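The values are calculated or read from the model by the stated rules, or taken from the named source; none is laboratory data. Computed from a predicted model, the values in this text were never measured in an experiment. Cβ placement follows ideal geometry from the backbone for every residue including glycine, while neighbour counts extend to all protein chains displayed.
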Amino acid sequence: MDDLLFLFLILSSVVVLLYTIKFFSLIAGWLHLSRYPFHTAQVKISVVIAARNEEENIQTCLLSVLKQNYSNELFEVIVVDDHSDDTTASLVEELMQKHSNLKLIRLSDADQQGKKNAIKKGIANSQSELIVTTDADCIVTENWLSSIASFYVQTKAKMIVGPVAIQNEHSFIEKMQSLELVALIASGAGSLHYNKPVMCNGANLVFERSVFTEVSGYDGIDSISTGDDVLLMYKIEKKYPGSIRFLKDKQALVSTSAQYNLRNFLHQRKRWASKPFGMLNLPTKYLSILVFFTNLIAILLICSLFCSQKNEFYPLFSKICLILLGIKCFIDFLLLFLASSFFDKRRLLWYFLPEQLIYMFYVVIVGLMSFNRSYAWKGRNY
């Protein structure tokens, strides 16, 4: 028994050490991201929004996009209705009467359904070189496009990944999602500092139209129902290594809402994790495996504390277990503490400890669920 516990501690120590090294590098990357001064720039931009059954959100979203401190002559907003069976399209048409730079495109019965096809249709009907995507349930700042244009002119990046945060968190599950998103965005940004893209969010994504054409858009990944953001990022990174940048500017922040119940939350996370593992790039595979096994080890460490109390090796064993758990929690807290100030989320750090315990089980459960890639979203089964 002692030999098994000893081997388990060695394995746990190695995993936690690798986790610590990796996340210290991501934290350093986040801290070292360059913040560029704002410069007025005149860049023509096409904002593409894929929408399906968004009657509760679409007008709020569009009003925030249309109220930009950016010349109306320099940007257009294209909403692509993906076979909605509610009043989404009519609500867009209502706003079109007041805003000449707002357009509506409906996918026909002959068009394939899905977000990728909606975005592709929007890009095909766009007039600008710079494409910006967001989601129909998001709200943007009034300087969103100005910040993007300024950053683009200064960096000439082929793709720009923007910050996304959850707003108006009330319940515990919403606050947990908010903390998780802070960690995900900061981790993805930290990786981009080293030119190793691992994740991005289509709610705030920018790329050149010509580059989208050069990499053949979603060809080769169009059979995957998700991944309009991450899988496209991989293609652009392969074509133009080192050309993807993170825009660390609060003026470019896009706000979204949390999933209000556990069922929707798990379906969303399962959708995020449903991309075939073989299609992920090496940095993403490594990070995914490391996070999964570190949280699995953490669960086993907690369980072993209760299961090995009668063993004479227990006093030393328990101390090492608690040290390893403490290191893992410290690294996670450090990332959240340093990133949460940018997102104005430090008030949520009071929920860190219960969130940490739940998160361990959540990561393992969602990771296992991802092997069954079927899920329901927006009234469709994938």
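Every residue, every condition in (1) under 20 Å from residue 253 (Cα atoms); (2) crowded, with 18+ Cβ neighbours inside 10 Å; (3) not hydroxyl-bearing (Ser, Thr, Tyr), yes or no:
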{"position": "4", "(1), (2), (3)": "no, no, yes"}
{"position": "11", "(1), (2), (3)": "no, no, yes"}
{"position": "24", "(1), (2), (3)": "no, no, yes"}
{"position": "48", "(1), (2), (3)": "yes, yes, yes"}
{"position": "55", "(1), (2), (3)": "no, no, yes"}
{"position": "58", "(1), (2), (3)": "yes, yes, yes"}
{"position": "68", "(1), (2), (3)": "yes, yes, yes"}
{"position": "77", "(1), (2), (3)": "yes, yes, yes"}
{"position": "82", "(1), (2), (3)": "no, yes, yes"}
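Does residue 242 satisfy being surrounded by 21 or more Cβ atoms within 10 Å (Cβ to Cβ), within 21 Å of the chain's Cα centre (by Cα) and at positive phi?
So residue 242 fails the test.
Condition check: in the same structural domain as residue 194 (by TED's automatic domain parsing), without any contact (Cβ under 8 Å) to a residue 40 or more places away in the chain, surrounded by fewer than 17 Cβ atoms within 10 Å (Cβ to Cβ) and of a type in the set (Ser, Thr, Tyr). Does residue 90 satisfy that?
It is true that residue 90 is in the same structural domain as residue 194 (by TED's automatic domain parsing), without any contact (Cβ under 8 Å) to a residue 40 or more places away in the chain, surrounded by fewer than 17 Cβ atoms within 10 Å (Cβ to Cβ) and of a type in the set (Ser, Thr, Tyr).
Looking only at region 9-51, how many residues end up being over 30 Å from residue 71 (Cβ atoms) and in contact with a Ser or Thr (Cβ under 7 Å, 6 or more places away or on another chain)?
So the count comes out to 5.
For residue 317, state whether it is at pLDDT 95 or above and either on the phi > 0 side of the Ramachandran plot or not aliphatic (A, V, I, L, M) (or both).
Here the answer is no, as residue 317 does not meet what is asked.
Return only the number of the condition from (1) out of contact with any Lys or Arg (no Cβ under 7 Å at 6 or more places or on another chain); (2) modelled with pLDDT of 95 or more that residue 131 does not satisfy.
(1)
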